[in-house]
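As C-alpha coordinates, the structure follows; a few thoughts come after it.
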Amino acid sequence: MPSAGTLITVAPTGAEVAKADVPALPVTLDELVATAKECEAVGAAVIHVHVRGADTKPTLDPGLLRETVVALREQTGLIVQLSTGGAVTDAEDARLAVLDAGPDMASCTMGTVNFGEDVFMNRPAFIVELHKRMRDRGIVPEYEIFDLGQLTSLARLLDKHGLPAGGHVHVDFVMGVPGGMPGTTEALVACASAVRDLPPGTTFAATGIGRATLPVLLASLSAGGHLRVGMEDTVTYAKGQPVESNAQLVARASAFARLAQRPPYSAEQARALLGIGATMIKKG
Ligand code: KMH
Ligand code: ZN
(Lines give C-alpha, C1' and ligand atoms only; values in the text may rest on other atoms or scores of the structure.)
(Ligands and ions follow the chains in the order given, each with its own letter.)
Protein backbone atom coordinates (compact mmCIF):
# COMPACT_ATOMS: atom_id res chain seq x y z
CA MET A 1 0.00 0.00 0.00
CA PRO A 2 1.48 3.42 -0.93
CA SER A 3 2.41 5.81 1.89
CA ALA A 4 -0.10 8.56 2.69
CA GLY A 5 2.63 11.14 2.22
CA THR A 6 5.89 11.59 0.36
CA LEU A 7 9.33 11.57 1.90
CA ILE A 8 11.43 14.18 0.11
CA THR A 9 15.21 14.00 0.42
CA VAL A 10 17.37 16.80 -0.85
CA ALA A 11 20.88 16.00 -2.09
CA PRO A 12 22.20 19.55 -2.45
CA THR A 13 25.88 19.17 -3.36
CA GLY A 14 27.28 15.72 -4.22
CA ALA A 15 30.89 15.10 -5.10
CA GLU A 16 30.87 15.49 -8.86
CA VAL A 17 29.67 18.98 -9.80
CA ALA A 18 32.33 21.75 -9.74
CA LYS A 19 31.53 25.05 -8.03
CA ALA A 20 33.33 26.81 -10.87
CA ASP A 21 30.82 25.36 -13.34
CA VAL A 22 27.74 25.83 -11.14
CA PRO A 23 28.08 28.86 -8.86
CA ALA A 24 24.70 28.12 -7.18
CA LEU A 25 26.09 24.83 -5.77
CA PRO A 26 26.29 25.04 -1.94
CA VAL A 27 29.86 24.20 -0.88
CA THR A 28 30.60 26.12 2.32
CA LEU A 29 28.98 25.25 5.64
CA ASP A 30 27.09 28.55 5.60
CA GLU A 31 25.80 27.87 2.09
CA LEU A 32 24.81 24.34 3.06
CA VAL A 33 22.91 25.42 6.16
CA ALA A 34 21.13 28.22 4.27
CA THR A 35 20.16 25.71 1.56
CA ALA A 36 18.98 23.22 4.16
CA LYS A 37 16.71 25.81 5.78
CA GLU A 38 15.22 26.85 2.43
CA CYS A 39 14.62 23.21 1.45
CA GLU A 40 13.03 22.35 4.78
CA ALA A 41 10.64 25.28 4.36
CA VAL A 42 9.39 23.92 1.03
CA GLY A 43 9.02 20.24 1.93
CA ALA A 44 12.31 18.38 2.42
CA ALA A 45 12.55 16.05 5.41
CA VAL A 46 15.99 14.49 4.85
CA ILE A 47 19.26 16.04 3.69
CA HIS A 48 21.85 13.81 1.99
CA VAL A 49 25.17 15.50 2.66
CA HIS A 50 28.54 15.56 0.91
CA VAL A 51 30.89 18.23 2.21
CA ARG A 52 33.46 20.32 0.35
CA GLY A 53 36.76 21.72 1.63
CA ALA A 54 37.99 25.31 1.47
CA ASP A 55 39.14 24.57 -2.09
CA THR A 56 35.47 23.63 -2.94
CA LYS A 57 36.59 20.04 -3.70
CA PRO A 58 34.87 17.02 -2.04
CA THR A 59 36.38 15.92 1.26
CA LEU A 60 35.68 13.40 4.03
CA ASP A 61 37.47 15.53 6.62
CA PRO A 62 36.20 14.16 9.97
CA GLY A 63 36.19 17.54 11.74
CA LEU A 64 34.20 19.20 8.98
CA LEU A 65 31.72 16.32 8.88
CA ARG A 66 31.15 16.60 12.65
CA GLU A 67 30.77 20.37 12.44
CA THR A 68 28.28 19.94 9.61
CA VAL A 69 26.13 17.45 11.52
CA VAL A 70 26.06 19.77 14.55
CA ALA A 71 25.20 22.85 12.48
CA LEU A 72 22.39 21.13 10.57
CA ARG A 73 20.94 19.74 13.83
CA GLU A 74 21.11 23.14 15.54
CA GLN A 75 19.67 25.13 12.70
CA THR A 76 17.18 22.79 11.02
CA GLY A 77 14.83 19.97 11.93
CA LEU A 78 15.98 17.90 8.96
CA ILE A 79 17.12 14.30 9.26
CA VAL A 80 20.85 14.40 8.60
CA GLN A 81 22.08 11.69 6.25
CA LEU A 82 25.81 11.64 5.52
CA SER A 83 27.13 10.11 2.33
CA THR A 84 29.50 7.20 2.85
CA GLY A 85 29.83 7.01 -0.92
CA GLY A 86 31.96 10.13 -1.02
CA ALA A 87 33.80 10.58 -4.30
CA VAL A 88 34.97 7.67 -6.47
CA THR A 89 38.53 8.37 -5.30
CA ASP A 90 37.80 8.02 -1.56
CA ALA A 91 39.38 5.15 0.38
CA GLU A 92 37.29 2.63 2.31
CA ASP A 93 38.64 3.56 5.74
CA ALA A 94 37.78 7.24 5.22
CA ARG A 95 34.29 6.26 4.04
CA LEU A 96 33.75 4.09 7.12
CA ALA A 97 35.02 6.91 9.36
CA VAL A 98 32.15 9.12 8.13
CA LEU A 99 29.98 7.29 10.68
CA ASP A 100 32.09 8.78 13.51
CA ALA A 101 30.38 12.12 12.84
CA GLY A 102 27.20 10.63 14.34
CA PRO A 103 24.54 11.34 11.68
CA ASP A 104 20.91 10.14 11.93
CA MET A 105 21.33 8.26 8.67
CA ALA A 106 24.06 7.33 6.22
CA SER A 107 24.06 5.99 2.69
CA CYS A 108 25.16 2.42 1.97
CA THR A 109 25.61 1.53 -1.68
CA MET A 110 24.77 -2.09 -2.45
CA GLY A 111 27.39 -2.87 -5.09
CA THR A 112 30.14 -1.73 -7.41
CA VAL A 113 29.01 0.20 -10.45
CA ASN A 114 30.69 1.87 -13.41
CA PHE A 115 30.34 5.61 -12.92
CA GLY A 116 30.93 7.39 -16.20
CA GLU A 117 34.58 6.72 -16.95
CA ASP A 118 35.23 5.81 -13.30
CA VAL A 119 34.33 2.91 -11.02
CA PHE A 120 32.34 3.43 -7.81
CA MET A 121 33.79 0.59 -5.77
CA ASN A 122 31.71 -1.16 -3.10
CA ARG A 123 33.19 -4.55 -2.22
CA PRO A 124 30.92 -7.08 -0.49
CA ALA A 125 33.05 -7.08 2.68
CA PHE A 126 32.98 -3.28 2.78
CA ILE A 127 29.18 -3.24 2.49
CA VAL A 128 28.87 -5.74 5.35
CA GLU A 129 31.17 -3.61 7.51
CA LEU A 130 29.14 -0.46 6.80
CA HIS A 131 25.87 -2.24 7.53
CA LYS A 132 27.15 -3.64 10.85
CA ARG A 133 28.81 -0.41 12.04
CA MET A 134 25.66 1.57 11.30
CA ARG A 135 23.56 -0.89 13.27
CA ASP A 136 26.00 -0.86 16.21
CA ARG A 137 25.76 2.93 16.36
CA GLY A 138 22.01 3.26 15.77
CA ILE A 139 22.53 4.99 12.40
CA VAL A 140 19.73 4.24 9.95
CA PRO A 141 20.95 3.31 6.47
CA GLU A 142 19.59 4.40 3.16
CA TYR A 143 20.57 1.57 0.84
CA GLU A 144 21.56 3.10 -2.50
CA ILE A 145 20.62 0.99 -5.52
CA PHE A 146 22.29 1.77 -8.84
CA ASP A 147 21.22 -1.42 -10.62
CA LEU A 148 18.51 -4.07 -10.28
CA GLY A 149 20.81 -6.84 -9.02
CA GLN A 150 21.83 -4.68 -6.06
CA LEU A 151 18.37 -5.28 -4.59
CA THR A 152 19.10 -9.00 -4.63
CA SER A 153 22.40 -8.27 -2.88
CA LEU A 154 20.48 -6.30 -0.26
CA ALA A 155 18.04 -9.18 0.31
CA ARG A 156 21.05 -11.46 0.82
CA LEU A 157 22.75 -8.99 3.17
CA LEU A 158 19.66 -8.64 5.37
CA ASP A 159 19.07 -12.37 5.36
CA LYS A 160 22.60 -13.07 6.54
CA HIS A 161 23.29 -10.09 8.80
CA GLY A 162 19.87 -8.96 9.99
CA LEU A 163 17.80 -5.79 9.85
CA PRO A 164 19.33 -2.31 10.23
CA ALA A 165 18.98 0.03 13.19
CA GLY A 166 15.31 0.85 13.78
CA GLY A 167 14.19 -2.30 11.97
CA HIS A 168 12.89 -0.49 8.90
CA VAL A 169 14.43 -0.95 5.45
CA HIS A 170 14.57 2.07 3.13
CA VAL A 171 16.17 2.03 -0.31
CA ASP A 172 16.91 4.74 -2.87
CA PHE A 173 17.06 3.96 -6.58
CA VAL A 174 19.74 6.12 -8.18
CA MET A 175 18.79 5.96 -11.85
CA GLY A 176 20.50 7.20 -14.98
CA VAL A 177 24.15 7.06 -13.88
CA PRO A 178 26.19 6.17 -17.00
CA GLY A 179 27.13 2.59 -16.07
CA GLY A 180 24.03 1.88 -13.95
CA MET A 181 20.37 1.30 -14.69
CA PRO A 182 18.53 3.76 -16.93
CA GLY A 183 16.19 6.43 -15.56
CA THR A 184 13.07 4.99 -17.14
CA THR A 185 9.60 4.02 -15.95
CA GLU A 186 10.32 0.41 -16.96
CA ALA A 187 13.46 0.27 -14.80
CA LEU A 188 11.64 1.87 -11.89
CA VAL A 189 8.81 -0.65 -12.13
CA ALA A 190 11.34 -3.50 -12.20
CA CYS A 191 13.00 -2.17 -9.04
CA ALA A 192 9.69 -1.42 -7.28
CA SER A 193 8.57 -4.98 -8.07
CA ALA A 194 11.80 -6.43 -6.68
CA VAL A 195 11.21 -4.61 -3.39
CA ARG A 196 8.65 -7.31 -2.61
CA ASP A 197 11.62 -9.67 -1.99
CA LEU A 198 12.75 -7.39 0.85
CA PRO A 199 11.27 -7.35 4.37
CA PRO A 200 7.60 -6.32 4.65
CA GLY A 201 7.16 -2.58 4.91
CA THR A 202 10.33 -1.73 2.96
CA THR A 203 10.01 1.74 1.44
CA PHE A 204 11.72 3.12 -1.62
CA ALA A 205 12.63 6.51 -3.03
CA ALA A 206 14.07 7.29 -6.43
CA THR A 207 16.16 9.92 -8.09
CA GLY A 208 16.96 10.41 -11.76
CA ILE A 209 20.28 11.83 -12.85
CA GLY A 210 20.25 14.74 -15.30
CA ARG A 211 17.46 14.53 -17.83
CA ALA A 212 16.05 11.45 -16.03
CA THR A 213 14.99 13.65 -13.11
CA LEU A 214 11.39 14.27 -14.16
CA PRO A 215 10.54 10.84 -15.62
CA VAL A 216 11.88 9.14 -12.48
CA LEU A 217 10.11 11.57 -10.16
CA LEU A 218 6.76 10.97 -11.87
CA ALA A 219 7.25 7.21 -12.08
CA SER A 220 8.21 6.94 -8.42
CA LEU A 221 5.21 8.92 -7.26
CA SER A 222 2.86 6.84 -9.38
CA ALA A 223 4.41 3.61 -8.07
CA GLY A 224 3.93 4.68 -4.44
CA GLY A 225 7.56 5.65 -3.93
CA HIS A 226 9.33 8.59 -2.34
CA LEU A 227 11.57 11.23 -3.91
CA ARG A 228 15.13 12.49 -3.85
CA VAL A 229 16.00 15.66 -5.71
CA GLY A 230 18.89 18.12 -5.65
CA MET A 231 21.91 19.52 -7.40
CA GLU A 232 23.94 16.38 -6.67
CA ASP A 233 21.74 14.73 -9.31
CA THR A 234 20.74 17.49 -11.70
CA VAL A 235 21.82 21.04 -12.40
CA THR A 236 19.28 21.68 -15.15
CA TYR A 237 15.71 22.60 -14.20
CA ALA A 238 14.37 22.37 -17.75
CA LYS A 239 15.97 22.23 -21.19
CA GLY A 240 18.49 25.08 -21.36
CA GLN A 241 17.51 26.38 -17.90
CA PRO A 242 20.05 25.97 -15.10
CA VAL A 243 18.80 25.13 -11.61
CA GLU A 244 18.70 28.31 -9.52
CA SER A 245 18.70 26.61 -6.13
CA ASN A 246 18.07 23.30 -4.44
CA ALA A 247 14.88 24.76 -2.98
CA GLN A 248 13.59 25.24 -6.53
CA LEU A 249 13.90 21.47 -7.10
CA VAL A 250 12.37 20.60 -3.70
CA ALA A 251 9.45 22.98 -4.30
CA ARG A 252 8.74 21.32 -7.63
CA ALA A 253 8.87 17.85 -6.04
CA SER A 254 6.52 19.00 -3.26
CA ALA A 255 4.06 20.38 -5.79
CA PHE A 256 4.01 17.08 -7.69
CA ALA A 257 3.59 15.18 -4.42
CA ARG A 258 0.60 17.33 -3.47
CA LEU A 259 -0.93 16.81 -6.92
CA ALA A 260 -0.51 13.07 -6.39
CA GLN A 261 -2.46 13.43 -3.12
CA ARG A 262 0.61 12.38 -1.16
CA PRO A 263 1.87 15.62 0.40
CA PRO A 264 5.42 15.96 1.74
CA TYR A 265 6.11 14.38 5.10
CA SER A 266 7.46 16.60 7.85
CA ALA A 267 10.80 15.57 9.32
CA GLU A 268 8.93 14.22 12.34
CA GLN A 269 6.69 12.04 10.17
CA ALA A 270 9.77 10.92 8.25
CA ARG A 271 11.52 9.91 11.47
CA ALA A 272 8.55 7.70 12.35
CA LEU A 273 8.51 6.17 8.86
CA LEU A 274 12.24 5.41 8.80
CA GLY A 275 12.53 4.16 12.37
CA ILE A 276 14.91 6.94 13.40
CA GLY A 277 15.12 7.15 17.16
CA ALA A 278 13.30 3.82 17.46
CA THR A 279 14.53 1.92 20.48
CA MET A 280 13.43 -1.50 19.33
CA ILE A 281 13.12 -3.52 16.18
CA LYS A 282 9.72 -2.70 14.66
CA LYS A 283 8.93 -5.84 12.76
CA GLY A 284 10.15 -9.21 11.66
N1 KMH B 1 29.53 10.33 -5.43
C2 KMH B 1 29.27 8.98 -5.82
C3 KMH B 1 30.54 8.32 -6.21
C4 KMH B 1 26.48 8.16 -1.93
O5 KMH B 1 26.41 9.35 -1.65
O6 KMH B 1 26.44 7.28 -1.11
C7 KMH B 1 28.63 8.19 -4.73
C8 KMH B 1 27.42 8.72 -4.16
C9 KMH B 1 26.59 7.76 -3.37
O10 KMH B 1 27.07 9.89 -4.25
ZN1 ZN C 1 25.59 11.11 -2.64
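The values are calculated or read from the model by the stated rules, or taken from the named source; none is laboratory data. Quantities reported herein were computed from a predicted structural model and do not represent experimental measurements. Reconstructed Cβ throughout: ideal geometry from the backbone, glycine too, with neighbour counts over all protein chains shown. Surface areas here come from the heavy atoms of the whole protein model, side chains and all, with no ligands, DNA or RNA. Shrake-Rupley method; radii C 1.70, N 1.55, O 1.52, S 1.80 Å.
Subtracting the Cα-Cα distance of Ala4 and Ala20 from 0.36 nm times their residue separation leaves 1.7 nm of extension gain.
For the pair Ala71 and Lys239 in one chain, pulling the backbone fully straight at 0.36 nm per residue adds 57.0 nm over the alpha carbon distance. Relative to the current alpha-carbon distance between Leu214 and Ala190, full extension at 0.36 nm per residue lengthens the span by 6.9 nm. Here the sum of -39500 (n - 2.57) over DSSP H runs of 4 or more residues, divided by the residues of the chain, equals -11000 deg cm²/dmol at 222 nm, to the nearest 500.
Counted over all Cα-Cα pairs of the range 176-284, pairs farther apart than 18 Å make up 55 percent. Counting Lys and Arg as +1 and Asp and Glu as -1 over every other residue whose Cβ lies under 13 Å from the Cβ of Leu221, the net charge comes to +4.
Counting only C-alpha contacts under 8 Å and six or more residues apart, can you give the relative contact order of the chain as a whole percent? Relative contact order comes out at 24 percent.
Computed from the Cβ-Cβ distance with R0 of 41 Å, the FRET efficiency linking His161 to Thr56 stands at 0.65. Accessible surface computed residue by residue for the range 8-280, with neighbouring protein chains in place and a 1.4 Å probe, gives 41 Å² per residue.
P(r) tail for the range 1-62, what percent of Cα pairs lie past 15 Å? When every Cα pair of the range 1-62 is considered, 52 percent fall beyond 15 Å.
Volume per residue of the convex hull around the Cα atoms, evaluated for the chain, comes out as 114 Å³. Taking Lys57, Lys132 and ordering them by how much accessible surface each has at a 1.4 Å probe, largest first, produces Lys57, Lys132.
Heavy-atom surface analysis with a 1.4 Å probe gives the chain a carbon and sulfur content of 56 percent of its accessible area.
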